Amino acid sequence: APSIKGELKIPGYSTYMHLMDDDHLLTMGYDADDQGDFAYFQGIQLQVIDVSELSNPLLMHKEGIGTRGSTSDAATDHLAFTYFKARDLLAVPMTICE
């Protein structure tokens, strides 16, 4: 029986989420500029969210990469995403527009 434990509102949306450890979630998706009834996507967005307290998730880090038109295969294919926990390294293929 799935249930909502907490909520974190952020601009844009995440297309991939990866549990880094018991307390941190790495998300990848697209940043957005909200225009009311539509939004412009503004590049790739990587975020680290602290989920140690599920009722109160906290955005710890946010990084926007590129501008409108930037994309990554990892945004739609989880096999294109690699996180090396032992070295805290992330490998993500990207097409970056400036």
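The values are calculated or read from the model by the stated rules, or taken from the named source; none is laboratory data. Source: prediction; values computed, not measured. Neighbour counts are summed over all protein chains in view; Cβ atoms, including those assigned to glycine, are modelled from backbone coordinates with ideal geometry. Note: accessible area is taken over every heavy atom of the protein model, side chains too, but ligands, DNA and RNA are not part of it. Shrake-Rupley method; radii C 1.70, N 1.55, O 1.52, S 1.80 Å.
Quick rundown of the values:
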{"read-out": "Ranking by accessible area, most exposed first, for 70, 3 with a 1.4 Å probe", "value": "3, 70"}
{"read-out": "For the range 53-98, alpha-carbon Rg and Dmax in angstrom", "value": "13.5, 37"}
{"read-out": "Förster radius 30 Å - calculated FRET efficiency between residue 4 and residue 98 (Cβ-Cβ, nearest 0.05)", "value": "0.20"}
{"read-out": "Partner lysines for residue 85 [C-alpha distance under 24 Å; skip if fewer than 8 residues away on the same chain]", "value": "62"}
{"read-out": "Simple label model, 7 Å out from Cα along Cβ direction - residue 54 to residue 77, nm", "value": "3.3"}
{"read-out": "Within the range 70-98: backbone nitrogen closer than 17 Å to the residue 24 label point (7 Å, Cα to C-beta)", "value": "82-92"}
{"read-out": "Relative contact order (%) - criterion: Cα under 8 Å, at least six apart; region: the chain", "value": "22"}
{"read-out": "Environment charge at residue 21 (Cβ cut-off 12 Å; Lys +1, Arg +1, Asp -1, Glu -1)", "value": "-3"}
{"read-out": "Heavy-atom accessible area order for 87, 68, largest first, 1.4 Å probe", "value": "87, 68"}
{"read-out": "Listed values (1) 7.6; (2) 7.3; (3) 6.1, entry calculated as mean projected area of the Cα convex hull in nm²", "value": "(1)"}
{"read-out": "For residue 68, net neighbour charge (Lys/Arg +1, Asp/Glu -1) across residues whose Cβ lies under 13 Å away", "value": "-3"}
{"read-out": "Zone residues, the range 1-23, relative to residue 35, backbone N less than 17 Å from point 7 Å out along Cα-to-Cβ", "value": "12-13"}
{"read-out": "Per residue, in Å², the accessible surface of the chain once ligands and nucleic acids are set aside, probe 1.4 Å", "value": "68"}
{"read-out": "In order through the range 22-28: 3J(HN,Hα) via Karplus (6.51 cos²θ - 1.76 cosθ + 1.60), integer Hz, x for Gly, Pro", "value": "5, 10, 9, 10, 9, 10, 10"}
{"read-out": "Rounded percent of accessible protein surface that carbon and sulfur make up, the range 1-63, 1.4 Å probe", "value": "53"}
{"read-out": "Over the range 22-65: Kirkwood hydrodynamic radius from C-alpha pairwise inverse distances, Å", "value": "11.5"}
{"read-out": "Ranked packing of 44-50, 23-29, most packed first, by mean Cβ within 10 Å", "value": "44-50, 23-29"}
{"read-out": "Ranked order, 7, 98 - accessible area, probe 1.4 Å, largest first", "value": "98, 7"}
